[in-house]
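Before any comments, here is the structure.
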Amino acid sequence: MKILRFPLVSITIFFIAGIVFAQFFKIDFRISFLVLIFCFLFSIISFLYSQKNSLKKSYFGVLVLLTSFFIGNFTFLSNDETRNPNHYLHKILEFEKLQNLEITIIEKLKNSKTNDRYIANIVFVNKKSSVGKIIFNIKKTKNLPQFEIGNNLKVIGKLYKNKVPNNPNQFDYGKYLEMKQIYGQVYCELENIKIATISEKSFSFYASKIRNKIIKNLKKNNFNERELNIVNALILGQQQDISQDIMQDYQSAGAIHVLSVSGLHVGFILLFVSLLLKPLPNTKKGSLLKLLIVIISLWLFGVLAGLAPCVLRSVTMFSLVAIGMFLRRAVNIYHTLLVSILLILLFEPSFLFDIGFQLSYVALFFIVWFQPVLSSLWTPKYKITSYFWDIITVSIAAQIGTFPMSIYYFHQFAGLFLITNVIILPFLTLILALGVIVLLLAAFDVVWIPMMKLLEWSIWLLNTIINWVASFDTFILKDIPLSKYVMIGFYVFLISFIIWLKTPSYKKLVFVFVSILIIQILFFQSKFSTQQKEEFIVFNKSKNTLLTSRISDKVTVISSDFVLNNVNQDVVLKAYLVANFCKINRKRQLSNLFYFKNKKILVIDSSAVYLNNNRPDILILSHSPKISLERVFKFWKPDVVVADASNFKSYIKFWKATCTKQKILFHATAEKGFYRIN
C-alpha cells in the first residue's frame, strides 16, 4: 500500500495508539509528562547524530514514533477534566441528594418522554466554585420555557452519577457520556430554577441566537414544522427536534447520514462561497483574501452547526483543501485526512471513541481508496450516466467500508441504501442550494415566500421518498450479531481483498483466503463461547417482572401475558438475544416456583402467596407484595433476596434494611442492575 509509505501514517497510528492506551491503561499524568519530555529530548539528540551517521537514522525514526505515542497519551490525560480538584465529582460528598447549583446551558439535547434535556457547565456547587459538564433534566410541565445556549441558571436538584447498564448487553450510556467528559445528571422541576439576567457570551451563544432567529422567521411565515425540523438538521446540524418515526425511516432507508452535517454539506459551502468570490482578482492579495473569507465561512458554518465530531472533521478537512486550492498546489487527500485527524484529536482526543467520528473517517477513507477501483470497472460514454455511476460507486465504497462497524454498533443493515442514494443525492444538491439561500436571507429577516415554499415542498418530497423506501422492511436486515473481534477480522479481509484487487498476485490472494478463515474461526469461537453458557437472569424492567432461563442458544422467557405478547418488540430482551446468538424457544407465564441447576427459586408477587415449609435458595420479590420479611425469615432464610424494578421504592428500602439486619444478601435491580444465576 502506497499510503503506508507516508511517514505521517506511522506518526498518526502511534498517536492514536497513545490515546487508546491512556483510555484503557490509565497512568499517572506526571509520569506521562516526564516520559514525553525524555522522548522529545532523545529525539532531538538522535536527529543531530543522524545528520553525521546514516545508521542512526533508524533510532531517530523509532524515537519519533515513541514521542508520537506519548503525545497521544499526554493529550488524552491532559483533557481529562476530573484531574481538576474543583471538578464537581470531588466537591459533592453525597450524590442523589438535593444540591444548590449554578450552571450555564451549552447545548440543547433531544427531549425524553418526561424531561427537557440540556448539556450544562457547572459553575458553583453549594456556593463553592466548581467545574464540569452535566446533563440537565427538567420535568415537563405546561408552559415550560425553552432555555437558550448561554443562559445562567440557579438550580436546586438531585445530582446522580452515571450508572452502568441495568440489563445485560445494553448500550453503556454512562460510558458514552464519560467520553464526552460528562459524569453526572441533574434532575429538577421548573419551580426550583431561577434564570440569571446575564448570559454567558460565547461563539455557541451567538450561533444559537442566529439559529433561533432563522427558525423564528420561518415559523412566522408558516413553514411546516415537520419539514422545518429536517431543515434544522440538514443545514444547521440540530437533530433534537426530529420525530422518532422520521429518524427510523431515514435509518431503515440507509439515509441517516443525510441528517448529519458532513463532508457533503461543508463541501457545498466551500463551492458556494468560492463561487461568490469569483469576481475578486487572482492576485496574491486577492487570493489571500479569498482564502481567509472561505476559511472563516467554513468555521462560522461549523459553529452554527454545533461543531459535532462529523462537522469538525469536515470543516477541518475542507479548510486544508481550501488552502491547497488557493495556493494552487495539488492536495494529497491522504495527507489531508491524516492532518485533519491529528489536528482534531490534539484538541479533542475523546472524539476518537465517538461512533460518528469513527464511521465518518472510515467511510471517507474507503471512498478515497476503494471508489477509484470500482469506478474503473466501467467508463460511461455520457456525462449523465457518469454522474450517476459516480454516485453508485461512492455509495458502495462507503457502505462496504462502514458495513462491519455499522453491524457491530447497530446490528442492522439497510439493503436498499443504493437505491436511496441514487434517488436522493442529486435531489439533495437542490435542497442544500435552496436551504442555504433561504436560511441566509432569514438570518437578515428576509423571507421570500415562493423560495421558502419550494424548499418546504422539496423537504416534504424527500421525506416521502425516504418513507417509501423504508416501507420495504423485508430488505432491512435486523438483529445481526457481530463481536468486536469478528468486526476486526472483517476489516482485515476487506483491506487484503482491495490490495489484491488493485495489484493481483498469488501471495496476496493467499492472504485473502487466510483472512476469510480467520473470520470463520473468530465467528464460530464467539458463537461457541456464548452458547456454552447456562444462566437464569432477573432483568431490571420498570413496572414488570422479566425472567429468562437460558441453556445454550435456547431461551425461555418468563413473564406476564402483557410482556409475553409484546416480547418481539422488547428492546431489553432483544439486545440480550442478539449479543448471545440466542433465540426464544419457549414462553412461560410467571409462577411462584422455578428450578435452575439444582437451585430453588421462589417468586413472591402482589398476591403474597408462599409456603412456609418451602425453603428457596433465591427469593424474588415482585410487584410490591405486602409481606413482612422478618416473619418470613423465621421459617427459612434464603441465600439471596432479589427485588426487581416492579416494586415500590419504599418497599425496597425497607426490605434492604431487613436483609442487612438478618445478614442476608440483598440485590435490588433498580440499584445494582440485573441479577444473574450461573
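The values are calculated or read from the model by the stated rules, or taken from the named source; none is laboratory data. Given the structure is predicted, the values throughout are model-derived calculations rather than measurements. Using ideal geometry, Cβ is built from the backbone for each residue, glycine included, and neighbour counts are taken over all protein chains shown. Only protein heavy atoms, including side chains, enter the accessible area calculation; ligands, DNA and RNA are left aside. Shrake-Rupley method; radii C 1.70, N 1.55, O 1.52, S 1.80 Å.
The C-alpha atoms of segment 523-678 occupy a region whose extents along the principal axes are 50, 29, 26 Å, arranged from largest to smallest.
Eigenvalues of the alpha-carbon gyration tensor of segment 318-392, scaled by 5 and square-rooted, set the equivalent ellipsoid semi-axes at 29, 18, 9 angstrom, largest first.
Take every pair of alpha-carbon atoms less than 8 Å apart whose residues are at least six positions apart; their mean separation over the length of the chain yields a relative contact order of 9 percent. Computed over protein heavy atoms with a 1.4 Å probe, the carbon and sulfur contribution to the accessible area of the chain reaches 63%. Of all aspartates and glutamates in the structure, those lying under 19 Å Cα to Cα from residue 541, and not within fewer than 8 positions of it along the same chain, are 172, 561, 570, 605, 644, 671. Quick one: what are the phi-derived ³J(HN,Hα) couplings along segment 657-673, Karplus 6.51/-1.76/1.60 with θ = phi - 60°, whole Hz, x for glycine and proline? Per residue, the Karplus-derived 3J(HN,Hα) values read 5, 5, 5, 4, 5, 8, 6, 10, 4, 10, 10, 9, 5, 5, 9, 9, x Hz. Cross-link reach is defined here as a Cα-Cα straight distance under 22 Å, omitting same-chain residues fewer than 8 places apart; for residue 381 none of the lysines meet it. Relative to the longest principal axis of the Cα atoms of the chain, helix 383-410 runs at roughly 30 degrees.
Residues 500, 457, ordered by accessible area of protein heavy atoms at a 1.4 angstrom probe radius and largest first, appear as 457, 500.
Straight Cα distances below 25 angstrom link residue 508 to the lysines 2, 484, with same-chain residues fewer than 8 positions distant left out. Peptides 633-640, 16-23 ranked from most to least packed give 16-23, 633-640, packing being the mean of other C-beta atoms within 10 angstrom over each peptide's residues. Counting only protein chain heavy atoms and rolling a 1.4 Å probe, the accessible areas of 509, 440 rank, largest first, as 440, 509. The string of couplings for segment 165-170 from the Karplus curve (6.51, -1.76, 1.60, θ = phi - 60°) is x, 7, 9, x, 6, 7 Hz, one whole number per residue in order, with x for Gly and Pro. The Rg/Rh ratio of segment 557-600, with both radii computed over alpha carbons and Rh defined as the Kirkwood radius, is 1.01. Here the Debye sum runs over all C-alpha atoms of segment 193-288 as equal scatterers in vacuum, and log10 of I(q)/I(0) at q = 0.12, 0.24 Å⁻¹ comes out as -0.62, -1.22. Let me test this: with uniform point scatterers at the alpha carbons of the chain, what is the Debye-based log₁₀ I(q)/I(0) at q = 0.05, 0.06, 0.08 1/Å? The Cα Debye sum returns log10 ratios of -0.31, -0.44, -0.79. According to the Cα-based calculation, Rg over Rh for segment 115-223 is 1.02, with Rh computed by the Kirkwood formula. What the phi angles of segment 363-373 give under the Karplus curve with 6.51, -1.76 and 1.60, with θ = phi - 60°, is a coupling list of 4, 5, 4, 5, 5, 5, 8, 9, 4, x, 5 Hz, glycine and proline written as x. For the chain, the solvent-accessible area works out to 53 Å² per residue, with a probe of 1.4 Å and every protein chain left in place. Using alpha carbons only, the radius of gyration of segment 329-475 set against its Kirkwood radius gives Rg/Rh = 1.02. A straight line joining the Cα centroids of segment 52-120 and segment 351-414 runs 32 Å.
Taking all protein chains as they are arranged and a probe of 1.4 Å, the heavy atoms of residue 173 leave approximately 80 Å² accessible to solvent.
Past the 32 Å Cα-Cα mark, which pairs from 26/158; 180/661; 163/216; 194/453; 113/597? Table pairs above 32 Å Cα-Cα are 180/661; 163/216; 194/453; 113/597. The heavy atoms of residue 318 present about 40 square angstrom of accessible area, all protein chains included, probe 1.4 Å. Helix 309-326 and the long axis of the chain differ in direction by around 10°, with both axes built from C-alpha atoms. For the chain, the Cβ-based charge dipole about the Cα centre amounts to some 1000 debye (Lys, Arg positive; Asp, Glu negative; other atoms uncharged). When the Cα centres of segment 477-542 and segment 177-250 are compared, how far apart do they sit, in Å? Centre-to-centre (Cα) distance: 40 Å. All C-alpha to C-alpha distances of segment 451-548, sorted into 10 Å bins beginning at zero, yield P(r) values of 12, 19, 19, 23, 18, 8, 0 percent in whole numbers. In the chain, helices alone account for a calculated mean residue ellipticity at 222 nm of -17500 deg cm²/dmol, with every DSSP H run of four or more residues adding -39,500 (n - 2.57).
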